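Read the structure below first, then the notes.
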Amino acid sequence: MRSRRTSTSCSEVLRSFMKDDSSATAPSWESLPALRADTPGCEQVIHFNNAGCGLLATPILQTMQAHLTLEARIGGYEAAAARAGEVREFYPELAALIGCGPDNIAFAGSATHAYATALSAIPFERGDVILTTRNDFVSNQLAFLSLRRRFGVDIVHAPDLPAGGVDVEAMALLMKVHRPRLVAATHIPTNSGLVQPVAEIGRHCRELDLLYLVDACQSVGQYPIDVEQIGCDLLTGTCRKFLRGPRGSGFLFVSDRFLRAGYEPLFIDMHGADWTAAGTYRPSATASRFEEWEFPYATVLGCVAAVRYARSVGIEAISRRTPELARRLRAGLDALPGVRALDQGNQLGALVTISIDGWQADEFKTALDARRINSALSFRRFAQFDFADKDVDWCLRLSPHYYNTDGEVSEVVAAIAELQATR
């Protein structure tokens, strides 16, 4: 599909955008040079793939390296025992970040693993309804389809508003009609900058006493998260994205009422339960029932350092700066001939998605890689509803973070304008 803009040249649009850049009133962070100095990757690339992985800050890297060195010197079990106190800090640090108690937090190897483990605790039966949205993470949708195939559950998708994002009132009506076994929503889907009104959905769930699961993978570290305000029973997140932690790390929040009701994962292990007699066991009273015995301890310690780093920068400040960088990037790109910004909704976060005329997906990303600009691709198989509505088969995703600069925003717009000018 061709862009609607063909009359303005790339150079004209770029000059206009650069002029706007010089007079913009973007947030002024006195600490930005120090934050960038803490981030070695800033010297190597323009990293606009924070929705994939944020660049590690030096304190996080050093924390992990120190523990791996200790493991090499004295042994893995012994190193874990020596750092047991620091490892336990994972729980109060994550709890402070999202507004719950330490006993409500479980470590996971990824947000997807945490999500699947949470789903496994719900004893679905044929005819049960999962009520979700049309803008959900692909792995979550696949999990629902797997449950439908195996147990015969029904999947109901709430409609979107014309402007984008779920129609909460329509979703609330579906709650009353179907009395779903589970309501599920993704705060920010990975394929667009849409920010869903998860707290409004949660209010309706509480009124009807429905189980509510939230995927906060893209919002943790980008926005303040308060599980009490959201009203969820379960929430999953990762540490590698906007928290700037290591890969292979995630977490699960489990509410007190979910724990008291006795929900437990389908496969529980020796860390999550006590084998009390030959024919019985007792699950942990805390969210640790959703954990496994083996931990990547250097990664856990890296997560602790990442959460502390994010909180020291200030989540409220991050929530203002990061979406503002994305707003300026989105506006600059959407003004280019042959480029269309795809993000829709009343609130947009730091994920900027665009379609680009005249290019194949891998070809365009390779061209950006050659310019040391990090980005990501999304395809229709990741977002069947959303991409069908937008009539695209792929998009480029760019996701700045607080340590990126206005100058980098301008450089990325300039690079894409120059690439488009070759077509």
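May I ask for the Rg/Rh ratio of the range 84-162, computed from Cα atoms with Rh as the Kirkwood radius, given to two decimals?
1.09
For A273, what residues show an amide H to amide H distance below 5 Å, using hydrogens built from the backbone and excluding near sequence neighbours?
Those lying under 5 Å, H to H, from A273 are S284.
Which distance in Å, rounded to a whole number, links the C-alpha centroids of the range 377-406 and the range 202-217?
Measuring centre to centre over Cα atoms gives 26 Å.
Applying 1/(1 + (r/R0)^6) with R0 = 60 Å to the Cβ-Cβ distance of L35 and D389, what FRET efficiency is obtained, to the nearest 0.05? Present the calculation step by step, with values, prior to reporting the outcome.
Working: r = 37 Å, r/R0 = 0.62.
Plugging the Cβ-Cβ distance into 1/(1 + (r/R0)^6) gives 0.95.
Give the Rg/Rh ratio for the range 209-303, taking Rg as the radius of gyration of the Cα atoms and Rh as the Kirkwood radius, to two decimals.
Values: Rg = 15.0 Å, Rh = 14.8 Å.
Reported Rg/Rh, Kirkwood definition of Rh: 1.01.
With the full set of protein chains in place, find how many percent of the accessible area of the chain is carbon and sulfur; take the probe as 1.4 Å.
Values: 9370 of 18360 Å².
Here carbon and sulfur together make up 51 percent of the probe-accessible area.
Looking only at the range 36-53, which residues have a backbone nitrogen under 17 Å from a spot 7 Å from the Cα of D369 in the C-beta direction?
45-50, 52-53
Would you work out the charge dipole size for the chain about its Cα centre, treating the Cβ of every Lys and Arg as +1 and the Cβ of every Asp and Glu as -1, and quote it to the nearest 20 debye? Before the final figure, lay out each step's value.
Values: 43 positive and 49 negative charges, 120 e Å.
Result for the chain is approximately 580 debye, rounded to the nearest 20.
Rounded to the nearest 5, what % of the DSSP beta bridges within the chain are antiparallel ones? Present the calculation step by step, with values, prior to reporting the outcome.
Details: 24 of 41 bridges.
Beta bridges within the chain, antiparallel portion: roughly 60 percent.
Want the number for A421 to H271: 0.36 nm per residue separation, take away the alpha-carbon distance, what's left?
48.2 nm
As a test of the formula, what do you get for the chain when each DSSP H run with n ≥ 4 contributes -39,500 (n - 2.57) and the sum is divided by the residue count, at 222 nm and rounded to the nearest 500 deg cm²/dmol?
After summing the helix terms and dividing by the residues of the chain, the value is -13000 deg cm²/dmol.
When the chain is modelled as a GNM with alpha-carbon springs shorter than 10 Å, which of G349, G164, G314 fluctuates the most?
It is G314.
When Lys and Arg each count +1 and Asp and Glu each count -1, what net charge do the other residues less than 13 Å away from M171, Cβ to Cβ, add up to?
-3
Please compute the length gained on full extension between R206 and R320, using 0.36 nm multiplied by the number of residues separating them and subtracting their Cα-Cα distance. Write down the numbers at each step before the final one.
Numbers: separation 114, 0.36 × 114 = 41.04 nm, distance 2.91 nm.
This chain segment gains 38.1 nm when fully extended.
Please identify, among V392, V183, V307, the residue showing maximal mean-square fluctuation in a Gaussian network model of the chain using a 10 angstrom Cα cutoff.
Fluctuation is largest for V392.
How large is log10 of I(q)/I(0) for the chain at q = 0.06, 0.11, 0.12 Å⁻¹ when the intensity is taken from the Debye formula with one equal scatterer per alpha-carbon?
Log-scaled intensity ratios, in q order: -0.26, -0.86, -1.01.
How far apart, in nm, are the 7 Å Cα→Cβ label points at F151 and E228?
Result: 3.1 nm between the two label points.
Given a 10 angstrom Cα cut-off, can you work out which residue in D103, D386, D209 is the most mobile in a GNM of the chain?
D209
Which one of A285, M270, V313 has its Cα pushed farthest toward the positive end of the charge dipole of the range 268-332, where Lys and Arg give +1 and Asp and Glu give -1 at the Cβ?
Towards the positive end, the residue furthest out is V313.
With a 1.4 Å probe and all protein chains left in place, how much accessible area per residue does the chain have, in Å²?
On the way: 18360 Å² over 423 residues.
Here the residues of the chain average 43 Å² of exposed surface.
For R380 and R260, FRET efficiency with R0 = 35 Å and r from the beta-carbon atoms, rounded to 0.05?
Values: r = 42 Å, r/R0 = 1.20.
After rounding to 0.05, the efficiency reads 0.25.
The values are calculated or read from the model by the stated rules, or taken from the named source; none is laboratory data. Predicted model only: the values in this text are computed from it and were never measured. Because the Cβ atoms are built from the backbone with ideal geometry, glycine has one as well, and the counts that use them run over all protein chains shown. Ligands, DNA and RNA are stripped out before the accessible areas are found, and what is left, the full protein with its side chains, is counted by its heavy atoms. Shrake-Rupley method; radii C 1.70, N 1.55, O 1.52, S 1.80 Å.
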